[in-house]
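These notes are about the structure you will find just below.
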Amino acid sequence: MNLSWEEFGWEELADGVGRRRLPVWDATVALVVGSSGALLFDTGSSLREGAEIRTQVQALLGGRRVTHIALSHAHFDHVLGTAAFAGAQIYAAAGMEQVLSAGLEELRLDAVRQGVPENEASAAADIVIRPHHLITHEWSIDLGGGREVLLALAGPAHSTYDLVAWIPDAELLLCGDLVEESGDPQAGPDATPGLWPHALDRLLELGGPEARYVPGHGSVVDAKFVRTQREALAARFGVS
Ligand SMILES: [Zn+2]
């Protein structure tokens, strides 16, 4: 697959896998491309950002569209662009549908508190698309041409509903905000700090020692970094 990631400001992670670090909050969106499908992991902080990502992806893939979306967790900078991808099948941890319905106003307010313009936050909340597929343990998606993505539940930890994506042929694990490189891991009111170290054990089990781990914010890291972050979180929250 010869894709010109850099031309669109994306970072190539492996053949047919790339990611972009979005402006302002530095949230990662990743794209995993197979012969028949393309999965987007997270969608940005607004419809405008989602639409920009959609345009870039279609140009990058010569007109092909995103067919699958996986949402790492229900924080505004990872989910509010979702409605720009009408037609894609959306996957999320079971329970996310609650945050995107009953919890939507809280999500919208948090986006505004963090600096999303009020009109953009409201527009995204108005037409939010709820997940079509709710994952309770693991779910494997075949994108064609030998490319599979395993979506696995890893929370609650950073949030109530944390989901990661393992790409076995590329030995890449998309971690969402369970791992952060550009700053300390953020534990807000919906975090479950006591279980966070165990979530990182699960990630290390999935990826193993040789994988590359793609944080929700920051540069790609290795297993050693994840282990160190696990120990730091355990110390910070007083758990083993
Ligand atoms: Zn988050």
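Of note:
- Centre-to-centre, using Cα atoms only, segment 116-135 and segment 183-228 are separated by 26 Å.
- Taking the three principal axes of the alpha carbon atoms in segment 113-171, the coordinate ranges are 42, 28, 21 Å, sorted in descending order.
- Summarising the strand pairing of segment 5-176, around 75 percent of its internal DSSP beta bridges are antiparallel.
- In this simple spin-label approximation, ASP169 and ASN119 carry label points 7 Å from Cα along the Cα→Cβ vector, and these lie 4.5 nm apart.
- Sorting PHE41, PHE237 from the fewest to the most surrounding beta carbons within 10 angstrom yields PHE237, PHE41.
- Based on the Stokes-Einstein relation at 20 °C and a viscosity of 1.002 mPa s, and on the Kirkwood radius from alpha carbon pairs, segment 1-100 is assigned a translational diffusion coefficient of 160 µm²/s.
- 222 nm mean residue ellipticity, helices alone, for the chain (DSSP H n ≥ 4; -39,500 (n - 2.57); rounded to 500): -8000 deg cm²/dmol
- Cα coordinate range in the chain, projected on the principal axes (Å, largest first): 50, 41, 30
Where a number appears in this text, it was derived from the coordinates with a stated rule and is not lab data. A quick note: this is a predicted structure, and the numbers were derived from the prediction, not measured. Positions of Cβ are generated from backbone atoms using ideal geometry, with glycine treated the same way; all protein chains shown enter the neighbour counts.
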